[in-house]
There are 2 protein chains.
Amino acid sequence: MQIRNASIAAVLLCTAASPAWTAPPSPKAQACSPGNVLCVELTTDNDGRPSYAVHREGREVIAPSHLGMLFTDVPKFERNLAIAAQTRDSFDQTWEQPWGERREIRNHYNQLTVTLRERTGRKRDFDVVFRLHDDGIGFRYVFRSQPGLERLNIAEELTEFTLAEDATAWWIPAFEWNREEYLYHTTSLQQVGDAQTPITLRTGDGLHVSIHEAALVDYSGMNLTRVEGRKLKAALTPGSGTAAKVSVATPFATPWRTLQVATRAGDLVESSLILNLNEPNRLGDVSWVKPMKYVGVWWEMHMDLKTWGTGARHGATDANVRRHIDFAAEHGFGGVLVEGWNRGWDGDWFGNGEEFSFTESAGDFDLAALSGYARGKGVALIGHHETSGHAAHYESQLDAAFDLYRRVGVPAVKTGYVADAGQAKVRDADGGIVYAWHEGQAMANHHLKVVTEAAKRRISVNPHEPVKDTGLRRTYPNWVTREGARGMEFSAWGQPGNPPEHEANLVFTRLLAGPMDYTPGIFGMRTRSSGGIETTWAKQLALYVVIHSPLQMAADLLENYEKNPGPFQFIKDVPVDWETTRVLNGEIGDYVTIARRERGGDDWYLGSLTDEHARSFEVALSFLDEGRRYTAQVYRDGDDADYRGNREDIVIEQREVTGADTLTLRLAPGGGQAIRFVAH
Amino acid sequence: MQIRNASIAAVLLCTAASPAWTAPPSPKAQACSPGNVLCVELTTDNDGRPSYAVHREGREVIAPSHLGMLFTDVPKFERNLAIAAQTRDSFDQTWEQPWGERREIRNHYNQLTVTLRERTGRKRDFDVVFRLHDDGIGFRYVFRSQPGLERLNIAEELTEFTLAEDATAWWIPAFEWNREEYLYHTTSLQQVGDAQTPITLRTGDGLHVSIHEAALVDYSGMNLTRVEGRKLKAALTPGSGTAAKVSVATPFATPWRTLQVATRAGDLVESSLILNLNEPNRLGDVSWVKPMKYVGVWWEMHMDLKTWGTGARHGATDANVRRHIDFAAEHGFGGVLVEGWNRGWDGDWFGNGEEFSFTESAGDFDLAALSGYARGKGVALIGHHETSGHAAHYESQLDAAFDLYRRVGVPAVKTGYVADAGQAKVRDADGGIVYAWHEGQAMANHHLKVVTEAAKRRISVNPHEPVKDTGLRRTYPNWVTREGARGMEFSAWGQPGNPPEHEANLVFTRLLAGPMDYTPGIFGMRTRSSGGIETTWAKQLALYVVIHSPLQMAADLLENYEKNPGPFQFIKDVPVDWETTRVLNGEIGDYVTIARRERGGDDWYLGSLTDEHARSFEVALSFLDEGRRYTAQVYRDGDDADYRGNREDIVIEQREVTGADTLTLRLAPGGGQAIRFVAH
């Protein structure tokens, strides 16, 4: 038996036709973006199932896709709904980022709010709010406090994303043990399995769509499962200790579900949709948030030369840290990261984390003395809090830990949550320790607590093994960067390391979500990874422009920089904060060329990189100030450069150019090119 | 950062190499089926991750696939495991089914038990038990009671099924609102999304694999999600009111995960793997379980001629029921189903269910009088308990309901759970009402409670909107049949109804799990479904042989049988209990021909059906007793028969045959053929 049949039966039973089964009013709610580029339409079918569809310039992008919410304790919202009201609104504002890939961002959208109400029973209702920008759409569910809905205990979000056309998809698997640290799959849409967001798709005739979310606050991260055909469906990250994946009090608004839509891959990168959907800065004056480049006691551990724990090869020694501070001061780096400075590393810490002290130094590490020594040279220590995923243990020391850093003048901290997916630890409502997923509601809340507590001490935060980035840096500008993808470290020891296409995938997927502490700048190409570093030197330099991160590391061993002052000069010169950003070309997983102008400066920087294929581009320099002359300091692949061989073959040369010129960029297999345009 | 890296760090830290990071012993555990057809190998990698692989005659069928278990409250079993012990065992027994598709079943297997123990920490352990039959493999997890594992609160089962080759897959989506009632998808393996089991696959060179489970007891039903590539992974049905999808005390053994492997599609149907993996009959004497054909007050509701509820068109009236009893008696049917006999149908019952009384009759229905009238004519009333998914409400009346049926002599009951997936209702540990999934642990337990309570009263059970069939009919032989798929009713009102390929899909997917109350036998081909009944009359007859169900309905309106005594004769003749079964030919979703010998009789019956394509088969009758003569009573498609037109074009003819003969079966588009071989 099946419900349609049951309902028919009921119709016949009802003495007078019960409202339960009268045909629903099915009005439509429709709206378009300011430039009429993107339009959305919400409808309900005869069962009262709401669906939305998205069109771009008249062409269907998202076919009718269901909306709804399944609860653990009250009837779901999926059917028996009618459009009870709809309202429209418009918004146009230009705001300034305190730091970032561009200073000014325009937030221009039309808003459609649709109220869906149950046709029978308790007549509960909720809103779906659509924000239509020309470059993408965000929508969220908003629940009023009402009888029977004082709390939301969400079993699953029933949001679907049914692509109207077949497409190629770039994605990483969800719910796997290694969190976000996977190489990207390139498959047909109909071969997608369980995917994390952002997932980026390109339809047969070249329309680009990226699905993600914005403002993940007090909610579980959204993954996507492909139910069948071209239908992707939300799969929320599990909760901690409760049947509900999300448990919140009403009124409540979910994170925004985002669809960036562009004809050009590069337009996805230039889109500010996700930032625009986040709330403005809540921290007030954030002039204390200082983007900077840094070096660190770090890569030497990955190369097995030093250890996190104490002993003969302990990395965080007084001498080694002073050496890094001296190097940073000499070469103009703002920070020195020191991992292994604290107590807790001398045991089987993985998956435990209770041994970690965030206030007590290990061995001979004198935090106050060393940070004082650094400050005296205009350098700052960057703190480190590895939790092994034990967020509850970390929170028990959070105030003391940040007070200490504030006291000794540590302006930024790298946090770490090394635990398998689903094996992090938080406290439940009763104060007991329960497991948590890195992308779940509990960890989303934990990260926000860390960020806000850090902000009180004017400390910036750079989480590794983090919750996904959903643009909260706009609201909390001290949340400057994070890991949350397969970083350069995999090329130190990974089997395999990162292949040449990896960064060309990241730019159009993970990096659409926000900055990443990828840790570029490796000159020592022979590593413990079988393939070593599968890029050329020039590509390592290009990464500083292509991958935006307000905390940007020069990750290699100091001696590799000292031995190679030529290419190192670009790392010293390149800024980490930008006035504007232009994506000159790019195809997902193949290549990309990005030009950025220094924030508060006249110089432009260009980074171009390719996958395993050699490429040649004609690049017009029209982005340069009109009529102005520049000296282009070019760091390019040599004629024999190749990620499989002469990775160190780099040519550094100069030429005078203007915006009227066109440059030919020749990239070696696995290669790249970095250019500084010095304004005259 | 990533665990491999963390582990390396740890190596360097440990004063003496800690057992945490010493290379694990990685022995293999290996075993083959009695005929050396199927072999399994279990190994652990350097991270201590266990995988199993399956070979058939030297050829890889399942590539190395991980095993493991994720808990909500204690560390998972996924890595850091070593093979601590392995034991082997053999078993060979032939047992007799009290009823079914064949009397004798041989249960012949080799068993491999592998103990996996944590290399560090608490050194917890568990077993993986493999049973290797020549026609398939079953494996399960077995957990001893041990410190830190007194209970299992299972967040997810990490069992993977990675097919070694690409394949075509036949499957229905999981976690969708309409439970198990979907048409089958035919896609490439790499286009599978979230699937229910059984899922059946055919590799490029024709190897057939069906993945399902056996003995689903006190556990949640397993679905499969395709993570990536050819990797399917268990996705347990959610729990009720708890974070755990399954919560049980140890010691505990999970249901068997089953892999049926065959070169011929028909061999999947002939396999008894799933029955063999279930426990023997626990009910003792079950001679009171009587397979039978039945008619009912049912199709007329689906055709909108009658109603479940009281009123002018109430179906369950004294007169109408007596008419059905008289008809059953005249034509030799054992039972009469009466839906709408009880109180609770006169409101908006869907999704509620609390209005239903299972002891009080509605309107003028006199249960005692009518069942007495039926008994007097050698006919039994078949009871009906629609719960609207409110299992808790049903359980509160269960004893009284079955006592009543026992008292008035109702030998079988059809239960119903019409509620959307995830919206059934059960009681949690505190006695509160919480939502449940039809395939979840709570409903699996509910169904077993209903079946065992019914057994105490010698009542057989036929659940609709049930939990999936996993062969428990062997252990509880009164669990005679169930729905659990898209039945004939969809061709009464479905938009669309069931297409011609539907039954050819069911035979090789859902029906591998067990009997189905499909309700064949429709002669009135014009229905409320746009396409009507998309079969020929001959195919309707063939369904009685092809689809095995100990409770087999003649579902159509009585007048349609009275008007067509010719074809109706086959429905009157065909048995519902079988001595043996042979699948003569068949391809998934295309066609199938099955011959069965009557249990306790000499006659054979043949059913053959096709999808939308006309087909012609040469069928050797060698299955007939050697040297014996038979009169073949043939019910075949007429020359103009077609599911789109002359559905009623049927030819009924006789001929004398022996096992030495070959018959040519000609099936019309959407057609079929039914034959009774009467032994002389």
Single residue of A:545, A:576, A:583 found to be of a type in the set (A, V, I, L, M, F, W, C), assigned by the TED database to the domain that holds residue A:632, in a strand (DSSP E or B) and buried (at least 20 other Cβ atoms within 10 Å of the Cβ):
A:583
If a residue must be more than 14 Å from chain A (Cβ to nearest Cβ) and under 30 Å from residue B:591 (Cβ atoms), how many such residues does segment B:279-304 contain?
5
Hey, residue A:435 open to solvent by 20 Å² or more (accessible area, probe 1.4 Å) and either within 13 Å of chain B (Cβ to nearest Cβ) or part of a strand (DSSP E or B) (or both) or not
yes
Just one of A:486, A:526 is open to solvent by 10 Å² or more (accessible area, probe 1.4 Å) and either under 17 Å from residue A:588 (Cα atoms) or within 14 Å of chain B (Cβ to nearest Cβ) (or both); which is it?
A:486
Might you let me know whether segment A:289-310 holds any residue that is over 18 Å from residue A:337 (Cα atoms) and either outside the structural domain of residue A:599 (by the TED database) or out of contact with any strand residue (DSSP E or B) (no Cβ under 9 Å at 6 or more places or on another chain) (or both)?
no
Condition first: buried (at least 17 other Cβ atoms within 10 Å of the Cβ) and in contact with a Phe, Trp or Tyr (Cβ under 7 Å, 6 or more places away or on another chain). Now tell me which residues in segment B:272-291 satisfy that.
B:277, B:283, B:289, B:291
Give the residues of segment B:597-616 that are in contact with a Leu (Cβ under 8 Å, 6 or more places away or on another chain) and open to solvent by less than 30 Å² (accessible area, probe 1.4 Å), sorted by residue number.
B:604, B:606, B:607, B:608, B:609, B:610
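Results for (1) closer than 21 Å to residue B:350 by Cα; (2) within 12 Å of another protein chain (Cβ to nearest Cβ); (3) polar (S, T, N, Q), shown as yes or no for each residue.
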site	(1), (2), (3)
B:415	yes, yes, yes
B:420	yes, yes, no
B:425	yes, yes, no
B:430	no, no, no
B:446	yes, no, no
Please indicate, with yes or no, whether at least one residue in segment B:619-627 is surrounded by fewer than 17 Cβ atoms within 10 Å (Cβ to Cβ) and in contact with a His (Cβ under 9 Å, 6 or more places away or on another chain).
no
Of the candidates A:662, A:610, A:580, the one satisfying the condition of being touching an Asp or Glu at 6+ places or on another chain (Cβ under 6 Å) and of a type in the set (S, T, N, Q) is A:662
Specify which of the listed residues (B:361, B:396) is open to solvent by 10 Å² or more (accessible area, probe 1.4 Å) and within 23 Å of residue B:305 (Cβ to Cβ).
B:361
Quick one: is residue A:403 within 13 Å of chain B (Cβ to nearest Cβ) and of a type in the set (D, E, K, R)?
no
Can you pull out every residue in segment B:366-381 that is open to solvent by 10 Å² or more (accessible area, probe 1.4 Å) and either touching a strand residue (DSSP E or B) at 6+ places or on another chain (Cβ under 8 Å) or farther than 11 Å from residue B:318 by Cβ (or both)?
B:367, B:368, B:372, B:375, B:376, B:377, B:378, B:380
Which of the residues belonging to segment B:41-58 are away from every other protein chain (no Cβ under 14 Å) and either under 27 Å from residue B:108 (Cβ atoms) or in a loop (DSSP other than H, G, I, E, B) (or both)?
B:41, B:42, B:43, B:52, B:53, B:54, B:55, B:56, B:57, B:58
Exactly one condition in (1) over 22 Å from residue A:174 (Cα atoms); (2) buried (at least 21 other Cβ atoms within 10 Å of the Cβ); (3) out of contact with any helix residue (DSSP H, G or I) (no Cβ under 7 Å at 6 or more places or on another chain) is false for residue A:297; which is it?
(3)
Can you tell me how many residues within segment A:305-341 are within 14 Å of chain B (Cβ to nearest Cβ) and either surrounded by fewer than 23 Cβ atoms within 10 Å (Cβ to Cβ) or not aromatic (Phe, Trp, Tyr) (or both)?
14
Condition first: in a strand (DSSP E or B) and either touching a residue at least 60 places away in the same chain (Cβ under 8 Å) or within 10 Å of chain A (Cβ to nearest Cβ) (or both). Now tell me which residues in segment B:188-202 satisfy that.
B:188, B:194, B:195, B:199, B:200, B:202
Inside segment B:213-228, can you point out the residues that are of a type outside the set (A, V, I, L, M, F, W, C) and farther than 27 Å from residue B:164 by Cβ?
B:218, B:219, B:220
Note on residue B:183: of the conditions (1) more than 14 Å from chain A (Cβ to nearest Cβ); (2) open to solvent by 20 Å² or more (accessible area, probe 1.4 Å); (3) part of a loop (DSSP other than H, G, I, E, B), unmet is (1)
For segment B:491-507, does any single residue satisfy the condition of being at pLDDT 95 or above, open to solvent by less than 10 Å² (accessible area, probe 1.4 Å), closer than 17 Å to residue B:293 by Cα and not assigned by the TED database to the domain that holds residue B:266?
no
If you go through segment B:203-232, how many residues are hydroxyl-bearing (Ser, Thr, Tyr), in contact with a Pro (Cβ under 8 Å, 6 or more places away or on another chain) and assigned to a strand (DSSP E or B)?
1
All but one of (1) crowded, with 21+ Cβ neighbours inside 10 Å; (2) over 30 Å from residue A:186 (Cα atoms) hold for residue B:124; which doesn't?
(1)
Those residues of segment B:633-661 that are open to solvent by 30 Å² or more (accessible area, probe 1.4 Å), farther than 12 Å from residue B:536 by Cβ and in contact (Cβ under 8 Å) with a residue 40 or more places away in the chain come to a total of 3
One residue is enough: does segment A:206-218 have a residue meeting the conditions within 14 Å of chain B (Cβ to nearest Cβ), more than 14 Å from the chain's Cα centre (by Cα) and over 19 Å from residue A:140 (Cα atoms)?
no
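The values are calculated or read from the model by the stated rules, or taken from the named source; none is laboratory data. Keep in mind the model is a prediction, meaning the values are calculated, not measured. Heads up, the Cβs are rebuilt from the backbone with ideal geometry, glycines too, and the neighbour counts pull from every protein chain shown. Note: accessible area is taken over every heavy atom of the protein model, side chains too, but ligands, DNA and RNA are not part of it. Shrake-Rupley method; radii C 1.70, N 1.55, O 1.52, S 1.80 Å.
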